[in-house]
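What follows is a single structure, written as structure tokens, with notes after it.
What follows draws every value from the coordinates through simple rules; no lab data is involved. Being a predicted model, the structure only gives us computed values, none of them experimental. As a convention, Cβ positions derive from the backbone with ideal geometry for all residues, glycine included, and neighbour counts pool all protein chains shown.
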Amino acid sequence: MLTSDPAGQRYVGGGSGSVGEMLRWVEEKCLHQPVVNLAEYPTELSVGWYYYASGKVYQRPTEAGRREATEAFLDIRARQTGLTFTVEPRDVEVWRLEPRADPPQAAGCQ
């Protein structure tokens, strides 16, 4: 998974599994934003992928850079898989964890 020609790029991992597993990898390791899987494909279909440093789209320093890298990244995925990828704004629920003002004591701790 990369955003440009892999020649000279640092390989940082990879995997194999279902298309859904690949898309979860894209979500967690590359984009750091939700991916909605609406694809219809045989459940037994297995795919493999390599992960290069340029695939870390979320690390681009500017919003414009992330947007450009995301478009390049998804274009490559579309050519490799035959799937159609689109960027769409969607409402998502966001949870925030905060420390409690009075954390409970564990049993036996003073």
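Worth a mention:
- Between Glu98 and Thr81, the modelled label-to-label distance comes to 3.7 nm, taking each label 7 Å out from Cα in the direction of the beta carbon.
- Kirkwood hydrodynamic radius over Cα pairs of segment 11-81, then Stokes diffusion coefficient at 10 °C and 1.306 mPa s, in µm²/s: 125
- Close amide H contacts of Ser18 (hydrogens built in the peptide plane, cut-off under 5 Å, sequence separation of 5 or more or a different chain): Val47.
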